[in-house]
Amino acid sequence: MTLSLRNEVKSSKKLLEVFNKRAYIAEKLIFTGVGDKDVYNISAPFIDGGEMVIAGRVEARDSEHSEVMFFVNYDGTWIPRAGAVKFDLQDPFITFISGELVFGGVEVVFDTENPKQVKTWRTLFFKGAGIQDLTYFACGPDHMKDIRLIAYANGRIGVFTRPFCVEGARAVIGYTEIEKLEDLNKAVIDEAPVFTDQFKRDEWGGVNEAHMLKNGLVGVLGHISYMEDGEIRHYHAMTFAFDPTTSERSPIKIIATRDQFPLGPAKRNDLVDVIFSGGLHRLEDGKAMLYAGVSDAEAHRLLIDDPFEEYENI
């Protein structure tokens, strides 16, 4: 199977020129039971114990100290799941591999002498039959977020990585495979081959979720980012198709931007134009629901045309 690869690496601004902003529903998700803290950078909803659950990053507006909590929907409002475990992590994600729930998030290590100063961060992985059975099994390298897993029909597991400072780039996407979850470790992640032709040198991106498509390709949901003067950040939701047999990739396309969501507050002025893709639910009518963190302060969802349909027609 051959993907039509890009002739040139396109910047975010070039990709925005051809982005079709058509969307159908945009709404903020309402969370309660967390005091005056924000809930953002959510996962897509998933089923646990017969109940629909969302994992969310819970954090005070003036802090980076956060915890991940699990929420259930009650009459249109997301409330903390009674008795559910909490994790001292950021940016939760989930997938299912060999019938097990695989959950992860970013552990942030702060300076002991300056509690607001971040020393490093790393991705932790847990697995279990359900939320209450989650046990730790792996840790990624320091300074690496956006490590994501996908299960294949042959039993192998794809691993997307996001190392910093590769050939002068801020961050790039890498990929490798393992035979079983127990093989996931820092060395495997560090040694994953990387895609150096995906982003402009002054831009970066990462994988947020990977979907197995019916033709054997992987539909990748992620983000593409860049920074302007004054360290003003811009994060857009994007997708591309990936062929795990050849490592070929389709061109990146932007699927959502901040201005498609309702107005709302931002954690800081440099984070106004930021959305962080949490997950995508593909629907049966050619549409898909994108769940995302918005401006590092809120959680929203956006109904769009299914961005993976064109990849399944390749």
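What to note about this one:
- In the set (1) closer than 15 Å to E209 by Cα; (2) touching a His at 6+ places or on another chain (Cβ under 7 Å); (3) not charged (D, E, K, R), F261 fails one condition alone, (1).
- Listed by first and then second residue, the pairs linking a residue in region 230-242 that is farther than 16 Å from E309 by Cβ and touching a residue at least 12 places away in the same chain (Cβ under 8 Å) to a residue that is acidic (D, E) and crowded, with 16+ Cβ neighbours inside 10 Å, with Cβ atoms under 8 Å apart and 6 or more places separating them unless they lie on different chains, are G230/D270; E231/D270; I232/D270; I232/D273; R233/D270; R233/D273; H234/D273; Y235/D273.
- Note on region 66-108: among residues that are of a type in the set (A, V, I, L, M) and in contact (Cβ under 8 Å) with a residue 40 or more places away in the chain, the one that is farthest from V39 (Cα to Cα) is I97.
- Taken over region 206-244, the criterion of being on the phi > 0 side of the Ramachandran plot and modelled with pLDDT of 95 or more is satisfied by G216 alone.
- The strands (runs of 3 or more DSSP E) located wholly in region 67-145 that include 2 or more residues which are within 12 Å of A55 (Cβ to Cβ) occupy 77-80, 90-97, 100-110.
- Residue satisfying all of: in region 46-61; among the charged types (D, E, K, R) and farther than 12 Å from N73 by Cβ; nearest to the chain's Cα centre (by Cα) among these: R57
- Number of residues in region 28-53 that are surrounded by fewer than 17 Cβ atoms within 10 Å (Cβ to Cβ) and closer than 9 Å to A299 by Cα: the value is 2.
- Within region 235-259, the set of residues being over 20 Å from T161 (Cα atoms) and either surrounded by fewer than 18 Cβ atoms within 10 Å (Cβ to Cβ) or in contact with a Gly (Cβ under 8 Å, 6 or more places away or on another chain) (or both) comprises D259 only.
- Members of region 217-234 found to be touching a helix residue (DSSP H, G or I) at 6+ places or on another chain (Cβ under 8 Å) and surrounded by 23 or more Cβ atoms within 10 Å (Cβ to Cβ), listed by number: L217, G219, I224
- Residue match in region 54-63 (condition: in a strand (DSSP E or B) and more than 19 Å from D296 (Cα to Cα)): no
- Looking only at residues of region 132-151 that are in contact (Cβ under 8 Å) with a residue 40 or more places away in the chain and touching a Phe, Trp or Tyr at 6+ places or on another chain (Cβ under 6 Å), we find that the one that is surrounded by the fewest Cβ atoms within 10 Å (Cβ to Cβ) is F137.
- Output for region 146-170, where each listed residue is part of a loop (DSSP other than H, G, I, E, B) and under 20 Å from the mean Cα position of the chain (by Cα): D146, I147, Y152, R162, P163
- Scanning region 148-187 for residues that are of a type in the set (G, A, S) and within 19 Å of P92 (Cα to Cα) yields A151, G158.
- Taking region 23-60 as the range and being touching a residue at least 40 places away in the same chain (Cβ under 8 Å), within 16 Å of P265 (Cβ to Cβ) and among the hydrophobic types (A, V, I, L, M, F, W, C) as the test, the residues that pass are L29, I30, F31, V34, V39.
- Taking the criterion of being of a type outside the set (S, T, Y) and not in a strand (DSSP E or B), the residues of region 24-47 that qualify are L29, I30, G33, V34, G35, D36, K37, N41, I42, A44, P45.
- Of the candidates K214, K186, the single residue that is surrounded by fewer than 17 Cβ atoms within 10 Å (Cβ to Cβ) and in contact with a strand residue (DSSP E or B) (Cβ under 8 Å, 6 or more places away or on another chain) is K186.
- Among the residues of region 15-27, just one is more than 24 Å from H281 (Cβ to Cβ) and either at pLDDT below 95 or surrounded by 13 or more Cβ atoms within 10 Å (Cβ to Cβ) (or both), namely L16.
- Out of N154, N114, N73, one residue alone is surrounded by fewer than 21 Cβ atoms within 10 Å (Cβ to Cβ) and touching a Pro at 6+ places or on another chain (Cβ under 9 Å). It is N73.
- Scanning region 267-314 for residues that are farther than 26 Å from M227 by Cα, of a type in the set (D, E), touching a residue at least 24 places away in the same chain (Cβ under 8 Å) and not in a helix (DSSP H, G or I) returns D305, D306.
The values are calculated or read from the model by the stated rules, or taken from the named source; none is laboratory data. Just so you know, these numbers come straight off a predicted model, no measurement behind them. So basically every Cβ, Gly included, is an ideal-geometry build from the backbone, and we count neighbours across all protein chains shown.
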